[in-house]
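Worksheet for the structure shown next.
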Amino acid sequence: MRVAMRLRGTACTTVVVDGLRVACRARESSRASLRSSLDEALERLRREFGPAGISDITVDVGQELAGAKRSSVLVVRISPRAPVDDSHVLRLPPAAAPSVTRIMYVAGGHDMRGRSLTSLALESFREQLSTLPSEDVAGVAITSVGSLVSPEHEMRAADAVLSLHGDARVCVSSDFPSRAFRDRESNAIVNSSLMRHGETVAALLREVGARHFPGIPLFFAKGDGGRESMARLPMLPISGLAPEPAMHVVGGAALAGVSDGEVALCTDDGVRIGRVSGGIPVERSASRRIDHRGVSSDTTLLNPLSENHELRATVPRVVVDLRSARSKTLPLNLVPTLTTDHDTALVGAAVAPMTAWIDRMVTVSGRADLERAQRIAEDDAESAVVQLGASPAQTRIVQSTAYAMPYGDSNIIRIRVQAAEKPSALDQPSSARNSNDDS
């Protein structure tokens with residue numbers, strides 16, 4: 001059986017799922033501290049299911065991270081030259097600006113073919129760093145022009161920071177695959193500012209989890225509809241922001257016993273719709289904004305359902321009624337296929353598979369070269385899922401795309417691949433779900 005847990009302030013809510021059946025409804029533990037609430041929740045689960053009755057625990061840390069106090073960040077921008085005046089300075093979005101204490105410009109960068117635009121001014125950068133107190137370099141976000149094609153200058157700058165300030169939490173923008181310099185920088189800033197809190201949360205979960213369920217794997221829910229090892233949270237806390245939209249889709253599909261099609265979630269706030277393929281939410285763009293303040297990530301957005309929504313007879317649809325009052329008819333002549341009071345986001349977190357992305361720029365000379373590069377990316381994506389803990393025989397490619405960059409060299413292709421673990425036989429429903437099943 002799998003456990004999903006959501007952290008909110010000093011409270012935590014848990015759900016237990018056996019296969020695709022909810023074995024224990026959502027229950028909240030709320031004490032004076034988060035540690036006490038976790039202790040209470042896990043002790044209760046250990047008493048009810050035994051120390052060997054739980055296979056793994058997935059934690060939704062999105063609200064915990066969103067409300068965290070962020071650390072200060074030094075921003076390093078690597079480009080051929082600094083802005084000539086204030087009107088040319090790249091403005092920081094509201095999500096990132098409050099964390100930034102200083103912006104430093106360093107000569108360097110690459111063009112779209114990976115050729116150096118100018119030599120990296122590493123020595124002058126090191127001289128500037130040596131004059132800064134350690135507290136000003138607690139977090140560092142490094143962005144370089146052309147880093148999606150060649151991250152060399154970012155990595156060399158990161159090495160220089162760590163050689164002088166070994167405790168710094170350094171993020172490089174090439175770890176975040178948005179095509180926009182601004183978005184990559186914003187993600188690196190936000191990620192760096194959350195790393196300290198990510199470390200604290202991960203350490204607390206590992207400590208309390210080991211006390212009640214020693215040896216049980218811990219994961220955190222991600223915005224793409226998957227989960228990742230808790231060991232990665234201190235390094236990429238931004239991946240744990242805003243997982244609930246994707247998890248609602250995964251949970252709704254799981255409760256309905258559907259792995260492919262559309263999922264319409266009907267709540268008191270209206271009807272929103274998403275799509276799943278193989279139980280994973282389908283992405284509609286390379287990068288989704290997870291809030292309206294400048295942070296972007298691979299996450300699923302539930303789109304409002306309108307009369308203009310295209311209906312396709314070949315795509316099955318699940319209508320999940322989650323409303324508190326169900327006496328009124330649904331809009332647009334929708335008929336519920338599943339009525340439930342379960343927390344679909346927590347159910348989704350419990351059944352979510354491990355997922356990994358490969359997003360890279362490659363230079364190709366023809367179709368055969370492109371196909372070879374895409375196969376390599378798919379192999380790398382499946383290997384990444386195996387590194388997270390999946391069996392090599394239990395991985396699959398969820399989506400694989402290749403397309404030319406707009407306004408760029410036609411031989412430069414962006415390849416995006418998502419891989420996931422295959423559902424095991426134990427995770428499959430023993431029989432088809434019935435309409436209006438509220439087990």
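Listed here are the residues, each with its yes/no results for (1) within 21 Å of the chain's Cα centre (by Cα); (2) closer than 29 Å to Ile412 by Cβ; (3) not acidic (Asp, Glu).
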residue: Leu7; (1), (2), (3): yes, no, yes
residue: Ser30; (1), (2), (3): no, no, yes
residue: Gly50; (1), (2), (3): no, no, yes
residue: Ser79; (1), (2), (3): no, yes, yes
residue: Ala82; (1), (2), (3): no, yes, yes
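When residues in the stretch 371-412 are screened for being touching a residue at least 60 places away in the same chain (Cβ under 8 Å), farther than 12 Å from Met354 by Cα and among the charged types (D, E, K, R), 1 of them pass.
Filtered by the rule that a residue be among the aliphatic types (A, V, I, L, M) and farther than 24 Å from Gly252 by Cα, the stretch 12-44 gives Ala32, Leu34, Leu38, Ala41, Leu42.
Within the stretch 337-384, the residues that satisfy the criterion of being among the small types (Gly, Ala, Ser) and assigned to a helix (DSSP H, G or I) are Ala345, Gly348, Ala349, Ala350, Ala368, Ala373, Ala377, Ala381, Ser383, Ala384. For residues that are surrounded by fewer than 18 Cβ atoms within 10 Å (Cβ to Cβ) and more than 28 Å from the chain's Cα centre (by Cα), scanning just the stretch 101-116, find the one that is farthest from Ser410 (Cα to Cα). Among residues in the stretch 101-116 that are surrounded by fewer than 18 Cβ atoms within 10 Å (Cβ to Cβ) and more than 28 Å from the chain's Cα centre (by Cα), the one farthest from Ser410 (Cα to Cα) is Met104.
Of all the residues in the stretch 162-215, those that are without any contact (Cβ under 8 Å) to a residue 40 or more places away in the chain and either in a helix (DSSP H, G or I) or closer than 30 Å to Arg46 by Cβ (or both) number 13. Considering the stretch 1-68, the qualifying strands (runs of 3 or more DSSP E), each wholly inside and each with 1 or more residues that are among the hydroxyl-bearing types (Ser, Thr, Tyr) and in contact (Cβ under 8 Å) with a residue 24 or more places away in the chain, run over 11-18, 56-60.
One line per residue, one yes/no per condition, for (1) assigned by TED's automatic domain parsing to the domain that holds Ala242; (2) touching a strand residue (DSSP E or B) at 6+ places or on another chain (Cβ under 9 Å); (3) surrounded by fewer than 24 Cβ atoms within 10 Å (Cβ to Cβ); (4) of a type outside the set (Asp, Glu):
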position	(1), (2), (3), (4)
Ile142	no, yes, no, yes
Ala158	no, yes, yes, yes
Asp167	no, no, yes, no
Asn187	no, yes, no, yes
Glu207	no, no, yes, no
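Taken together, the criteria place Phe181 among residues that are within 23 Å of Arg102 (Cα to Cα) and either modelled with pLDDT of 95 or more or surrounded by fewer than 24 Cβ atoms within 10 Å (Cβ to Cβ) (or both). Return yes when Ala221 is aliphatic (A, V, I, L, M), closer than 30 Å to Arg275 by Cβ, within 23 Å of the chain's Cα centre (by Cα) and modelled with pLDDT under 95 and no when it is not. So Ala221 fails the test.
Scanning the stretch 134-161 for residues that are free of Cβ contacts under 8 Å to residues at least 60 places away in the same chain, farther than 20 Å from Ile412 by Cα and within 25 Å of the chain's Cα centre (by Cα) returns Met155, Ala158.
The values are calculated or read from the model by the stated rules, or taken from the named source; none is laboratory data. Not measured: the values here are computed from a predicted model. All Cβ positions, even for glycine, are placed from backbone atoms using ideal geometry, and neighbour counts span all protein chains on display.
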